[in-house]
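**Q** Dropping the structure in here first, questions after.
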Amino acid sequence: MIRSMTGFGRARDTVHGMTVTVELKSVNHRYFEFSAKVPRAYGFLEEKLKTLVHSAVSRGKIECYVSVENLEESDMEVAVNLGLAKGYAAALQTLCDTFSLKEELSAKTLSRFPDVLTLRKAPDDEERIWDAVQTVAKAAISRFIAMREVEGEKLCADILSRADTICDSVLFVETRSPETVREYMDKLRARMAELLENASVDEQRLLTEAAIFADKIAVDEETVRLRSHIAQLRDFMKADEPIGRKLDFLVQEINREANTIGSKAQDTEIAKRVIGIKAEVEKIREQVQNIE
């Protein structure tokens, strides 16, 4: 199914005691470009998220936003500086011995001294955090892709409609082109008769001139190739793989054939149709820039 390169997807869920929110949004880009904004403590998630998203998306400039809220017991822990506590205990014992003090040391006493007990963040369980974020991210990616596919359907319908318009114009050119040769031959006969007055017109010379003109304006090869390109475009629109780059190249080829037909046109009506073809090709080109 054709996908647009613009899209948005959001998911929020509670996994492993953490409430995780993941948002994805993208705009057009020639290649795959990814950036993520995650909590500072979870920087290790960025590369994992990039790999996960890239496995489902091939093109586009994608921004990912992640928030993680721990709902379980505090992720802080109390650390004991045993070396410092031992030093304090030894110092207090020295005071007791020196001054014949009978105060008994206790843990409560030692805990009151600076830096014996410190509060610090518990080490993160990266695998547990990633498992939670990955679960929510997959849901966000699914919604993100679904929106891209909806937009892709609209792009596909518009492109195919314009392709039909081009084919109608090509049919007109193919039908009109032989008529221009006959009209040219009639005008040439009339002109020669006028110049020669009563003398007979050399039909062989007339046929030769008409053949030269017909060869000069012949667009059979161009229209055949153009129809082939349009058929290929329709086939691409049925593909289940990213086809944006292929379409971009194909549109260039369609435009090239239209330009060649235009350069050969010696008829006002054909010239008008060629202008119409080129206008439709340009609109298709604009739409193709949005396709993954």
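**Q** Given the pairs LYS246/LYS283; LYS61/LYS246; LYS50/LYS238; LYS50/LYS138; LYS48/LYS238; LYS48/LYS154, which span a C-alpha to C-alpha distance of over 23 angstrom in this model?
**A** Values: LYS246/LYS283 17 Å; LYS61/LYS246 19 Å; LYS50/LYS238 28 Å; LYS50/LYS138 12 Å; LYS48/LYS238 32 Å; LYS48/LYS154 32 Å.
As for pairs spanning more than 23 Å Cα to Cα, those are LYS50/LYS238; LYS48/LYS238; LYS48/LYS154.
**Q** Test of understanding: ordering ARG273, ARG12 by Cβ neighbours within 10 Å, fewest first, what list do you get? Before the final figure, lay out the partial values.
**A** Working: ARG273 23, ARG12 13.
If I rank by nearby Cβ atoms, fewest first, I get ARG12, ARG273.
**Q** Work out the charge dipole of the stretch 1-138 with +1 on the Cβ of Lys and Arg and -1 on the Cβ of Asp and Glu about the Cα centre, then indicate which of VAL22, SER58, LEU110 is farthest towards its positive end.
**A** So the residue furthest toward the plus end is SER58.
**Q** Let me ask another. Full extension from PHE172 to ALA56: what is 0.36 nm times the residue separation minus their Cα-Cα distance, to one decimal in nm?
**A** Full extension of this stretch gives 37.4 nm more.
**Q** Arrange the following residues from fewest to most other Cβ atoms within 10 Å of their Cβ: VAL224, VAL288.
**A** VAL224, VAL288
Here, each number is a calculation from the coordinates, and none is a lab measurement. Source: prediction; values computed, not measured. Every residue, glycine among them, receives a Cβ derived from its backbone with ideal geometry; neighbour counts consider all protein chains shown.
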